[in-house]
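The values are calculated or read from the model by the stated rules, or taken from the named source; none is laboratory data. Computed from a prediction, not measured in an experiment: that's the story for all the values here. Don't worry about glycine lacking a Cβ; one is built from the backbone with ideal geometry, like all the others, and counts go over all protein chains shown. Protein only, heavy atoms only, side chains kept; ligands, DNA and RNA dropped before computing areas. Shrake-Rupley method; radii C 1.70, N 1.55, O 1.52, S 1.80 Å.
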Amino acid sequence: MPRKQCSKSRYEPWHIGVLFSQTGWTSDVERTQLCGTLLAIDEINTVGGVNGREIVPVIYEPSSSTDSYGQLARKLMIEDGVTSIFGCYTSASRKAIMPVVERFNGLLWYSAPYEGFEASPNMIYTGAAPNQTIVKLCSYMLRTFGPRFYLIGSDYVYPRQTNRFMREYLLSQGGIVAAEQYVEIHSPRAAFTPIAKAIKDSGADVVFSTVVGQGTSYLYQSYADAGLDPKRTPIASLTTTEAELHAMGCDVGEAHITAACYFESINSDINNAFVSKFKRRFGEHMTPNVCAETAYFQIHLFAQALAKADTLDTDILRPHVVSSSFDTPQGRVGISESGHADLPSRIGRANRSGGFDVLDESPGLVMADPFFLHGPFTEPPRAGR
Ligand code: ACM
């Protein structure tokens, strides 16, 4: 069994586990998630920590290997006595950690958009469920560009499940699926050349991409090489953030569309302060994105709950997390009983500077509906926080 931290002296630090890849396929975005996590920890420790105790991260490097996430989560819980783990980007890595936190009664804090259809007393999902992004995105793309959608994804659970939602919603709105295609997650650049040609030949109005990691650059670069025009037939995505735009080349990403709860360009006091602190701490070349911002605010949410619980014991801590809310750079965010975040929904168009111009946003928070209890065919319900 993991060592318990709750019986330690009141001056000993709170140890937490941190698992974000600094190398490998998804490291462009996971590096920024680590930055968001460390920035929030610094802020909390600078003002005295939580109940007089510093937060100290125990950080391991999973190197974008799905198996490593599960193995390192075990090490964190069994050898380091950690109970709360902050980490991972892909749903495959989340699913590798989940049995570990369930077996040892830990809590995984997950800060990426995901495919829904999951809930566990050992999980907190601070990224968007599909209903919080797809409904707005699909309606906007249909209205603006036309009905024929080409669905292209990396071949694992997040793209397949997300496309299930997209397909059903698109068809219910009178849209057409021109094609649904998957590419092995670690495919080389050459694999995307025939895909770009097939997109061109299909006459699609919109490409919906659930390609992740390094493959994102390959897709958008191949698309540009094929002479496709993003102003006429943009790629729409939930995962192409500022991090991916910088990796692919900001000119390559320009005019493509992303739906997310956060963009670095949001003009609010709290976000402007966050962006300045992020750049001051990690360098001007580092731009926060939805996953970095979510990784940042979830540490603050954790600290708020920990101050009340005064223990890392999951059974005592989790009730202080659910039904709580917090002012974040994306706006005020709330956590529901199922451990999912109620979030704003925004549409952004990539610009040549590697940022997004916000084109549309929900008037309030969109309630997470990971099991689509409200059905995928209606506008997402709004949370009354
Ligand atoms: C993801 O795999 N949830 C991006």
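What's the extension gain from residue 71 to residue 279 if we count 0.36 nm per residue and subtract their Cα-Cα distance? Numbers along the way, then the final one.
Working: separation 208, 0.36 × 208 = 74.88 nm, distance 3.25 nm.
Length difference between fully extended and current span is 71.6 nm.
Within the chain, what's the longest stretch lacking chymotrypsin sites (Phe, Trp or Tyr not before Pro) that sit in DSSP loops with no more than 14 other Cβ atoms inside 10 Å?
Here the longest run is 118-370.
For the range 159-211, what number results from the quotient of the Cα radius of gyration and 2.2 N^0.38 Å?
Details: Rg = 12.0 Å, N = 53, 2.2 N^0.38 = 9.9 Å.
Computed over Cα atoms of the range 159-211, the ratio equals 1.21.
Between 172, 345, 64, which gets the highest mean-square fluctuation from a Gaussian network model of the chain, Cα cutoff 10 Å?
Fluctuation is largest for 172.
Let me see the P(r) profile for the range 254-371: every Cα-Cα distance counted, bins of 10 Å, each bin given as a percent of all pairs.
Calculated P(r), rounded to whole percents: 13, 40, 31, 14, 2.
Ignoring ligands, DNA and RNA, what accessible area per residue does the chain give at 1.4 Å, in Å²?
36 Å²
How large is the Rg to Rh ratio of the range 148-270 when both quantities use alpha carbon positions and Rh follows Kirkwood?
0.96
Rounded to the nearest angstrom and ordered from largest down, what semi-axes does the equivalent ellipsoid of the range 18-61 get from its C-alpha gyration tensor (root of 5λ)?
So the three semi-axes of the range 18-61 are 25, 10, 5 Å.
Between residue 359 and residue 197, with labels modelled 7 Å along Cα→Cβ, what's the label distance in nm to one decimal, could you check?
Modelled inter-label distance: 3.0 nm.
Please list 3J(HN,Hα) in residue order for the range 186-203, calculated via the Karplus relation 6.51 cos²θ - 1.76 cosθ + 1.60 where θ = phi - 60°; whole Hz, with x for glycine and proline.
Here the 3J(HN,Hα) series is 9, 4, x, 3, 4, 5, 8, 5, x, 5, 4, 5, 5, 4, 4, 5, 6, x Hz.
Relative contact order (percent) for the range 189-273, with alpha-carbon contacts under 8 angstrom and 6 or more residues of separation?
In percent, rounded to a whole number, it is 29.
What list of ³J(HN,Hα) values in whole Hz, one per residue of the range 314-319 in order, does the Karplus curve 6.51 cos²θ - 1.76 cosθ + 1.60 (θ = phi - 60°) give from phi, with Gly and Pro shown as x?
3J(HN,Hα) across the range 314-319, in whole Hz: 4, 5, 8, 6, 4, x.
Considering only 204, 188, 345, whose Cα is most displaced toward the positive end of the charge dipole of the chain, charges sitting on Cβ of Lys, Arg (+1) and Asp, Glu (-1)?
Of the candidates, 345 comes out farthest on the positive side.
Please quote Rg/Rh for the chain to two decimal places, taking the Kirkwood radius as Rh and restricting both calculations to Cα atoms. It would help to have the intermediate numbers written out before the result.
Values: Rg = 20.1 Å, Rh = 20.8 Å.
Taking Rh as the inverse mean 1/r over Cα pairs, Rg/Rh reads 0.96.
When all alpha-carbon pairs of the range 129-178 are counted, what percent fall beyond 13 Å?
Details: 662 of 1225 pairs.
The share of Cα pairs beyond 13 Å in the range 129-178 comes to 54 percent.
Averaging over every viewing direction, what projected area does the convex hull of the Cα atoms of the range 20-160 cover, in nm²?
So the mean shadow area of the Cα hull is 10.3 nm².
Counting only helical runs of four or more DSSP H residues, what would the 222 nm mean residue ellipticity of the chain come to if each run contributes -39,500 (n - 2.57) and the total is spread over all its residues?
Rounded to the nearest 500, the figure is -12000 deg cm²/dmol.
If the elastic network links every pair of Cα atoms under 10 Å, which of 190, 259, 303 fluctuates the most in the Gaussian network model of the chain?
In this elastic network of the chain, the residue with the biggest mean-square fluctuation among 190, 259, 303 is 190.
Calculate the tail of P(r) for the range 232-284: the fraction of all Cα-Cα distances greater than 18 Å, expressed in %.
Here the long-distance tail beyond 18 Å is 43 percent of all Cα pairs in the range 232-284.
If you roll a 1.4 Å probe over the range 230-352 with all protein chains in place, what percent of the accessible area is carbon or sulfur?
The computed percentage sits at 48.
Taking the DSSP beta bridges in the chain as the whole, what percent of them are antiparallel, to the nearest 5? Let's see the in-between values first.
Numbers: 19 of 52 bridges.
Antiparallel: roughly 35 percent of the beta bridges in the chain.
Using a 1.4 angstrom probe on the protein heavy atoms only, could you order 94, 318, 352, 189 from most to least accessible area?
Sorted descending by solvent-accessible area, the residues read 352, 189, 318, 94.
I need two numbers for the range 286-348: Rg to one decimal and Dmax as a whole number, Cα atoms only, in Å.
12.5, 40
Against the empirical 2.2 N^0.38 Å scaling, what ratio does the C-alpha Rg of the range 59-115 come to?
Computed over Cα atoms of the range 59-115, the ratio equals 0.99.
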